[in-house]
Amino acid sequence: MLATLAGLLLAAAGPAQAADYRYWSFWRGNSGGWAYQQQGPAMYQPPDGSVDGWRFTLSQGVGQADERPGAAPDFATLCANVPAQPGRKRVGVVLDFGTPADAPSAHADPPSLRTTCTQVPTQASSAEVLAAIAPPLRYDTNGILCAIAGYPVTGCGEALTGPAPAAAAAPTAPHATAPALPLPAALALIALVAGGAAWLAHRRRTATHSTPDRP
């Protein structure tokens, strides 16, 4: 019981210690809107008629972004003036550079949102699509995409060392979350419950030993 309680309390204390990250999140457009892309841009090959979305965001935990690109993934509108060609595919792209609250200190005014459509070979990856429409790209030594169209100039998915800036608008939470316990309070509560359990065990042993045997 104590081990289970300790795990639950430490898990509750965990989110309060989580770091915030700035990074480019990658999205896939569909008829229902945006879905977080589960494959990296170098691995994913968008089909003809698809839309890639990118959003520079400040998020708690890389890969768990709750901010979607600010324009709809409307392929018909994005690629209306790009005729189809044999052996090539058309891909719409939305580039959302985020808000001033998301921006590093060196970029108080992020670039404006961009939408475009490009035509690339049918086997092209999303990384090649991006290279065609938004150079220069910057990657780190692990192949992580750090900058699109040169933004931001420095940094790559780094954790913030100070408090995160206030967001321009609070995102809608997918479900209610109980307040996180600070770690010292969680440990104190574990110790209190452990002491209470030991006292109850002592009372049970005392009661057992003091009870006279019955025939």
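Each reported figure results from applying straightforward, stated rules to the coordinates on display, with no laboratory input. The shown structure was predicted, so the numbers you read here are calculated from the model rather than taken from an experiment. Backbone-built Cβ (ideal geometry, glycine too); neighbour counts: all protein chains shown.
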**Message:** I'm checking a number: the convex hull volume of the Cα atoms of the stretch 21-147, normalised per residue, in Å³. What is it?
**Reply:** 108 Å³
**Fill in**
Burial-style ranking of 140-147, 73-80, 86-93, average other-beta-carbon count within 10 Å with highest first, yields 86-93, 73-80, 140-147
**Message:** Check which residues have an amide H placed less than 5 Å from Y139's amide H, if you skip close sequence neighbours.
**Reply:** C146
